[in-house]
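As structure tokens, the structure follows; a few thoughts come after it.
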Amino acid sequence: MSTATVAIIGRSNVGKSTLFNRIAGGQRAIVDDRPGVTRDRHFAATEWTGKHFWLVDTGGWTTGEGDSLHEAVRHQIQLAIEQADVIVFVVDTKLGVHPQDHEVAVLLRPYRDRVVVAANKADHMPDDHSHHAFHELGLGDPQPVSAAIGKGSGDLLDRVVALLPAAPEQDTEDLIEVAVVGRPNVGKSSLVNRLLGQERFVVAPEAGTTRDATDSPLRYHGQTLNFIDTAGLRKRSKVEDEIEFYSTLRTERAIQRADVCVLVVDATRGLETQDLKIAQATWARGAGLVVAVTKWDLVDAKNTQTAEQGEREVVERAAFLGFVPFVYISAVTGQRARRVLELILEVAAARARRVPTAEVNRVLQELVGRNQPPQTGGQEVKLLYGSQIGTAPTTFAIVASDPDAIPESYRRYLERGFRKAWDFTGAPMRLRFRRRRGRGRG
């Protein structure tokens, strides 16, 4: 990443996610009064006084031994510290200096020149002087702040951006938002880790390890792919815990903001009803779609026909999936994982493609010449001309003498013809039929 990064760290339940939300704007990270809610590093593009940086939320520092999840979270925190340009160390003024604060301080000593101690929950400043107790951590002057109500946040940010290195601005014109979606525990985080080339997300054997939708940018072939790893989507009836409910909302919002969605499907279970619903939601939203069938290395007795047969069965359940690229991968071994990146670029390019009006009309006339629109009530239905009126999603407008008389089957015929003429693989397409205004000629 060319843009600087600012990592927020500290022990559990000191208000790290509240501060993250205060700085990033809006409820980007899940906030709950139970410790351990935030597990992964959570990215947000942020700006203050004209300086742009990635803000990174992290899980709470714990000292539990023998717990694989706690060990994974600690590893995430260490990675965030090593990679950050500025580290915001959040402590709790209401509870005072905690033994775990000292543990984190020891971890931060080698990086003290880029650490700002944020003494949080100082709700009654300037009369509250409790932040001075944290001088004993040996990391410089603590900055009092109240993340919950916003007091002192501007002063904190002034100190943060003063430490940021000069960095070139990231070109947002080539940014592709990629949501990695699917049911819980199908290997979404493992896939993103493989693509990013590092353990960016917590991966543990317990289902539901990822709770937030987290962002990680990757530069690939001259473009920035911003990966949004999401908590798995389940049926609403199975979402009982409040945190899981909010995680589901984050996933749905990730789909809403995505340019391309990568639907991860477990090869050992096949495309299930919930997978199909996620694919339908993505397609209806207008985002591009790639289906990554993971754990392909675990499928027994497969041959060259296995994938083709599986795709035919899937298309019988949802015809639009016939326009979607499938890739068969193993996130563990890395088999064909890089093909996912190539398909993301191809689908994003297809979603942004524009076809000249003359070319649209040439293909439209050829399609009508081969197969005339059905006649209704003895009246001839004419398709007069067409043009592309939008991208992302691809949208064509076709002027007709009687739009209401064009059946769905003929609309599908035109879409297949357009797709055959131009490469719109993985990109949803909309056909809008409009009535000719006035009498006109012809």
I need the full set of residues from region 339-358 which are in contact (Cβ under 8 Å) with a residue 60 or more places away in the chain and either part of a helix (DSSP H, G or I) or of a type in the set (V, I, T) (or both), in order please. V340, L341, L343, I344, L345, E346, V347, A348, A350, R351, V355
Flag if V160 is modelled with pLDDT of 55 or more and more than 21 Å from the chain's Cα centre (by Cα): yes
Quick one: would you say G36 is open to solvent by less than 40 Å² (accessible area, probe 1.4 Å), part of a loop (DSSP other than H, G, I, E, B) and either modelled with pLDDT of 85 or more or on the phi < 0 side of the Ramachandran plot (or both)? no
Please go through region 309-327 and pick out each residue that is among the charged types (D, E, K, R), without any contact (Cβ under 8 Å) to a residue 40 or more places away in the chain and closer than 19 Å to R416 by Cβ. E311, R312, E316
Within the set of pairs 6 or more residues apart or between chains, which connect a residue that is under 13 Å from V90 (Cα atoms) and in contact (Cβ under 8 Å) with a residue 40 or more places away in the chain inside region 127-144 to a residue that is in a loop (DSSP other than H, G, I, E, B) and among the hydroxyl-bearing types (S, T, Y) with Cβ atoms less than 9 Å apart? F134/T93; P142/T93; P144/T93
Leading residue by the ranking (nearest to the chain's Cα centre (by Cα)) among those in region 7-22 that are farther than 19 Å from H70 by Cα and surrounded by fewer than 24 Cβ atoms within 10 Å (Cβ to Cβ): N21
Candidate set: region 349-403, residues that are charged (D, E, K, R) and more than 25 Å from D259 (Cβ to Cβ); chosen: the one surrounded by the most Cβ atoms within 10 Å (Cβ to Cβ): D402
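The values are calculated or read from the model by the stated rules, or taken from the named source; none is laboratory data. Model, not experiment: these values are computed from the prediction. Cβ sites come from the backbone with ideal geometry, for glycine too, and all protein chains shown count toward neighbours. Just the protein is used for accessible areas: all its heavy atoms, side chains included, with ligands, DNA and RNA removed. Shrake-Rupley method; radii C 1.70, N 1.55, O 1.52, S 1.80 Å.
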